[in-house]
1. Checking the conditions here, which among S89, S53 is within 30 Å of I126 (Cβ to Cβ), free of Cβ contacts under 8 Å to residues at least 12 places away in the same chain and either among the β-branched types (V, I, T) or loosely packed, with under 15 Cβ neighbours inside 10 Å (or both)?
2. Scan (1) farther than 20 Å from Y276 by Cβ; (2) in a helix (DSSP H, G or I); (3) over 18 Å from the mean Cα position of the chain (by Cα) for the single condition L44 breaks and write down its number.
3. Among the numbered criteria (1) outside any helix (DSSP H, G or I); (2) free of Cβ contacts under 8 Å to residues at least 24 places away in the same chain, which one does V150 miss?
4. Mind listing whichever residues of region 26-40 are surrounded by 20 or more Cβ atoms within 10 Å (Cβ to Cβ) and under 15 Å from the mean Cα position of the chain (by Cα)?
5. Please enumerate the residues belonging to region 95-143 that are touching a residue at least 40 places away in the same chain (Cβ under 8 Å), aliphatic (A, V, I, L, M) and more than 27 Å from P79 (Cα to Cα).
6. Among the residues that make up region 288-297, is at least one of them crowded, with 16+ Cβ neighbours inside 10 Å, under 14 Å from the mean Cα position of the chain (by Cα) and either in a helix (DSSP H, G or I) or modelled with pLDDT under 65 (or both)?
7. Might you check whether a residue that is modelled with pLDDT under 85, within 28 Å of N10 (Cα to Cα) and either in a helix (DSSP H, G or I) or hydrophobic (A, V, I, L, M, F, W, C) (or both) occurs anywhere in region 202-212?
8. May I ask you to list the residues in region 66-84 that are buried (at least 20 other Cβ atoms within 10 Å of the Cβ) and touching a Phe, Trp or Tyr at 6+ places or on another chain (Cβ under 9 Å)?
Amino acid sequence: MEFENQTSINAFILLGLSDNSDLQIILFLLFFIVYMATVAGNVLLILAVRVNSRLHVSMYFFLANLSFLDICYTSIILPKMLVNIAASSKCISFSGCFLQLYFYLLMGETECVLLAFMAYDRFVAICNPLRYNVIMNAMSCLGMISVSWVTGCIISSIDLYFTYQLQFCGPATINHFFCEGPSLLQLACSDISENNIVMLVGSTILLLVPLSLILYSYVHIFLVILKIQSGRYKAFSTCTSHLIVVIIFYGTGIFMYMQPRHRSSDVSGKIIAIFYTIITPMLNPLIYSLRNKDVHQALRQVGKSMVILQGLTSKQDAMNKVFPKK
C-alpha cells in the first residue's frame, strides 16, 4: 500500500473553543500567558539542571528531557491556536493538520514512555541504592531516552499512516482546537474500523503498559519505604512530584482515549484536552520544583547569573554611549 491520499479536501477548519467575540479576547490573553509561562518555566528548569553540578544525576537528566518534551508538546498546539483565535480565518492546511497530528502524537507518546523510565529511576534509587550509580549510568540514561523517542516515533508513524490513508469528502470542519486524532476520524468518508483498532492498540501500549510498569515500581517502592525506620519522609518526597505528574497525565489521557470516540469533540473532551495538552506542561516545572531544595538552589543560581549578565550588558551599553565605536 502506497503512502498517499486521494481526498479532495486541501484544508480543514478548526472550530476552536468558542465563537463568542468577547470570549475570544479573554481566551487569547489567557492562553498567551499560559504559553509564555510554560516555555519560561521549562526553560528555567532545563537551565537549572544544566548549571548546577549537584543536579547532574539521572533523576534530573530525565526531568530536563521531560521539560524539553513539554515545550515541544505545547508549541505544536498553542501558537496555531492563538493565531486562529486572533484571526478571522480558522483554516489549517491539509498537510499542516497532519503534521500537527504527527508531532502531537510523537511528543505525547514519547512522554508516556519517559514517565515510566522516571518511575524505574526512583525504583532503583530507593530499592537498590548501593547499585544506583552503576545501573543508572550515563549510557543507560541515554539508552532509555532513545527508547522513549524511538517508541514514540514508531507508533505515531503507524497512527499517521493509517489516518492518512482515509478519504475526507467533507464537511472539512474539525470540532476541536487542534487536529486531534478521534476528531479527525469523524470527518472520514471511508471505513475507519482499522483506524479504531490501531488507535485502541496504540493507546493500550502507550498508556496501560507504561502505567503498569509505573504501578509495579511504586508498589515495590512503598514496600521498601514502610520498612525504613528513619528517613521515610525524605525517601517518599522524592517520588511525590513524579506521582502527581503521572496521575494528571495518565488520568486525563485514559479518560480521553479509552472513552467512546464520539465524545472526543464535545465540551468535556475539549476541557480534558486543554488540561493534558496545555495545563499539564505548564504545571510540570512547578510540581517538580515546589518541594525540591536542590532545584530551588539551582534556580536561584540561574537567576543570579541572569542578573549579572544583564548588569554587564547594561554597563557595556553605557560605555558604548560614552565612548562610541568609530
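1. Working: S89 fails: within 30 Å of I126 (Cβ to Cβ).
Just a single option satisfies the conditions, and that option is S53.
2. Tallying (1) farther than 20 Å from Y276 by Cβ; (2) in a helix (DSSP H, G or I); (3) over 18 Å from the mean Cα position of the chain (by Cα), L44 fails exactly one: (3).
3. Going through (1) outside any helix (DSSP H, G or I); (2) free of Cβ contacts under 8 Å to residues at least 24 places away in the same chain one by one, V150 breaks only (1).
4. First pass over region 26-40, keeping only residues surrounded by 20 or more Cβ atoms within 10 Å (Cβ to Cβ): 31, 35, 38.
The answer is Y35, T38.
5. Residues satisfying the conditions are A116, M118, A119, A125, I126, M136.
6. Initial filter on region 288-297 (crowded, with 16+ Cβ neighbours inside 10 Å): 288-289, 292, 294-295.
Adding the requirement that they be under 14 Å from the mean Cα position of the chain (by Cα) leaves none.
No, because not a single residue in region 288-297 is crowded, with 16+ Cβ neighbours inside 10 Å, under 14 Å from the mean Cα position of the chain (by Cα) and either in a helix (DSSP H, G or I) or modelled with pLDDT under 65 (or both).
7. Of all residues in region 202-212, those modelled with pLDDT under 85 come to 202-208.
Those still in the list that are within 28 Å of N10 (Cα to Cα) too: 202.
Next cut, either in a helix (DSSP H, G or I) or hydrophobic (A, V, I, L, M, F, W, C) (or both) only: 202.
Within region 202-212, one or more residues are modelled with pLDDT under 85, within 28 Å of N10 (Cα to Cα) and either in a helix (DSSP H, G or I) or hydrophobic (A, V, I, L, M, F, W, C) (or both).
8. Those that are buried (at least 20 other Cβ atoms within 10 Å of the Cβ) and touching a Phe, Trp or Tyr at 6+ places or on another chain (Cβ under 9 Å): L66, S67, Y73, T74, I76, I77, L78, M81, N84.
The values are calculated or read from the model by the stated rules, or taken from the named source; none is laboratory data. What you see is a predicted model; the values in this text were computed from it and never measured. Glycine also receives a Cβ, built like all others from the backbone with ideal geometry; neighbour counts cover every protein chain displayed.
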